[in-house]
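J.: To start, I am sharing the structure in question, which I have written as structure tokens.
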């Protein structure tokens, strides 16, 4: 059976087949069927994980994708667009992206996507830290040429 991009075996039919032909199959054939079933399940798990990155509409525009690619290249986000930064640096990145993308509810969008809380507070804390101010300059520089 095919379920979207996922290929699944019908467990009832598969079980009936194994029950009916078990003694006609060699040990190697039985082992190969079991290994196939396990491999198929592992592939399906990987596909579900890959397809689980769904960007909110505001963060999936062509312009946003340029920002995401640059942030990924800089090592700030992973391949699923999840932040790899501290709370304060993540807030700075979110603020800059939201400003450039004209996102009104910036904290709501990024908090939901990154599963973070109180990003506004983290941003305010960042403004008081010297290293965060340097990071803010780095983000502006990286995003300035779009």
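The values are calculated or read from the model by the stated rules, or taken from the named source; none is laboratory data. From a predicted model like this one, the values you see are computed outputs, not experimental measurements. As a convention, Cβ positions derive from the backbone with ideal geometry for all residues, glycine included, and neighbour counts pool all protein chains shown.
J.: What helices (runs of 4 or more DSSP H), lying completely within the range 98-144, carry at least 3 residues that are within 21 Å of residue 54 (Cα to Cα)?
T.: Numbers: elements: 106-114, 119-126, 130-143.
The helices (runs of 4 or more DSSP H) meeting that bar are 106-114.
J.: Still on this structure: Within the group 102, 125, which residue is farther than 21 Å from residue 79 by Cα, surrounded by 12 or more Cβ atoms within 10 Å (Cβ to Cβ), in the same structural domain as residue 72 (by TED's automatic domain parsing) and without any contact (Cβ under 8 Å) to a residue 60 or more places away in the chain?
T.: Values: 102 fails: surrounded by 12 or more Cβ atoms within 10 Å (Cβ to Cβ).
Checking each option against the conditions leaves just 125.
J.: Among the numbered criteria (1) exposed (fewer than 12 other Cβ atoms within 10 Å of the Cβ); (2) at pLDDT 90 or above, which single criterion is violated by residue 72?
T.: The number of the failed condition is (1).
J.: Taking the criterion of being in a helix (DSSP H, G or I) and without any contact (Cβ under 8 Å) to a residue 60 or more places away in the chain, would at least one residue in the range 71-79 satisfy it? Give the derivation first.
T.: We begin by selecting, within the range 71-79, every residue in a helix (DSSP H, G or I); these are 71-73.
Narrowing the set further to residues that are without any contact (Cβ under 8 Å) to a residue 60 or more places away in the chain leaves 72-73.
Checking the range 71-79: at least one residue is in a helix (DSSP H, G or I) and without any contact (Cβ under 8 Å) to a residue 60 or more places away in the chain.
J.: Can you name the number of the only condition in (1) surrounded by 12 or more Cβ atoms within 10 Å (Cβ to Cβ); (2) at pLDDT below 90 that residue 143 fails?
T.: Single failed check for residue 143: (2).
J.: Going by the structure shown, is residue 96 without any contact (Cβ under 8 Å) to a residue 24 or more places away in the chain and either touching a helix residue (DSSP H, G or I) at 6+ places or on another chain (Cβ under 6 Å) or buried (at least 20 other Cβ atoms within 10 Å of the Cβ) (or both)? Before the answer, list the steps.
T.: Numbers: without any contact (Cβ under 8 Å) to a residue 24 or more places away in the chain: no; either touching a helix residue (DSSP H, G or I) at 6+ places or on another chain (Cβ under 6 Å) or buried (at least 20 other Cβ atoms within 10 Å of the Cβ) (or both): yes.
Considered against the rule, which asks whether it is without any contact (Cβ under 8 Å) to a residue 24 or more places away in the chain and either touching a helix residue (DSSP H, G or I) at 6+ places or on another chain (Cβ under 6 Å) or buried (at least 20 other Cβ atoms within 10 Å of the Cβ) (or both), residue 96 comes out as no.
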